[in-house]
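Chemist: Structure below; questions to follow.
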Amino acid sequence: MSGQRLNITLDGEHAAKLATLAARVHVNEGTLARSLLSSAIDGLDPDPANVAALLDGIDGAFDRAQLGVAQAAAGDTIALDEL
């Protein structure tokens, strides 16, 4: 099974913590991030209530989702083949 590439942007504080931890264990930041993310995903409970609680814990997620809905309704979108 091949992997799927996923780009994630960390805020400055989390990026610095990742860099510090990666330096301490002598691994590439991307390798460490991939391992940490994989472990976190493996530990998730797929129960929809738990997923909803996880999403509710993301600062600004609801507002960003609402903005996306408004942008889509206004036709402010980009076709997938233009990405």
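Where a number appears in this text, it was derived from the coordinates with a stated rule and is not lab data. Bear in mind the structure is a predicted one, so any value in this text is a computation, not a measurement. Methodologically, a virtual Cβ is constructed for each residue, glycine included, from the backbone with ideal geometry; neighbour enumeration extends over all protein chains shown.
Chemist: How large are Rg and Dmax for the chain when only the alpha carbon atoms are used, in Å?
Modeler: For the chain, the Cα-based Rg and Dmax read 16.9, 48 Å.
Chemist: At 0.36 nm per residue, minus the direct Cα-Cα distance, what do residue 28 and residue 15 gain on full extension? Give it in nm, one decimal, please.
Modeler: 3.4 nm
Chemist: Tally Lys/Arg at +1 and Asp/Glu at -1 over every other residue whose Cβ is under 11 Å from the Cβ of residue 11; what's the total?
Modeler: -1
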